[in-house]
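Written out below as structure tokens is the structure these notes cover.
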Amino acid sequence: MQQPAREAWKQLWTGAENSIEAVVQEIRTYEVLAEVQQAACEALVSMAQSVEDYKHKAREAGAIEAVVSAMSRHPQDAQVQQAACEALRHTVCRAEVSQECAREAGAIEAAVSAMSRHADDVRVQQAACEALAAIVS
């Protein structure tokens, strides 16, 4: 994400409620802005490390579906694909119900598509492989 866009999103975010639900709403509200999609996915990854019962809360808020939607809306944006795959991994890893939700939402297909479209991007390849492993393990 370019620095001005990231700073604008951070300013917007500081006024928002710091919650998974708020991030998911940002993904839905600004679905055409790749910069917001990337930053929101990065925020979900950050929350995964600090929010108690993150996986359950993220699943209930619709984070999985929102992340898969971001991937489908911005297939050519490697940074969105990488951030989204990382968000998926953190949201579904070792959580059977979330894994099933991800499969139903099309996360496997989205990760495979990211790998195909960004075959030369090592970061996308790694993030997508880790997301796939988390979804199917």
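What is the percent carbon and sulfur in the accessible area of the chain, measuring with a 1.4 Å probe over the protein chains and ignoring ligands? Can you show the working numbers first?
Working: 3350 of 6980 Å².
Percent of accessible area from carbon and sulfur atoms in the chain: 48.
When Rg is the radius of gyration of the Cα atoms in the chain and Rh is its Kirkwood radius, what does Rg/Rh come to?
For the chain, the value is 0.94.
Exactly which trypsin sites (Lys or Arg not before Pro) in the stretch 31-104 are in a DSSP loop and have at most 13 other Cβ atoms within 10 Å? Intermediate values should be presented prior to the final figure.
On the way: sites: Lys55, Lys57, Arg59, Arg73, Arg89, Arg94, Arg103; in loops: Arg94.
Answer in residue order: Arg94.
Hey, got the dipole for the stretch 15-124? About the Cα centre, +1 on K and R Cβ, -1 on D and E Cβ, debye to the nearest 20? List each step's numbers first, then the result.
Values: 10 positive and 18 negative charges, 42 e Å.
With Lys and Arg at +1 and Asp and Glu at -1, about 200 debye.
The values are calculated or read from the model by the stated rules, or taken from the named source; none is laboratory data. What you see is a predicted model; the values in this text were computed from it and never measured. Ideal geometry is used to build each Cβ from the backbone, glycine not excepted, and the neighbour counts take in all protein chains shown. Heads up: the accessible areas ignore ligands, DNA and RNA and are worked out on the full protein's heavy atoms, side chains in. Shrake-Rupley method; radii C 1.70, N 1.55, O 1.52, S 1.80 Å.
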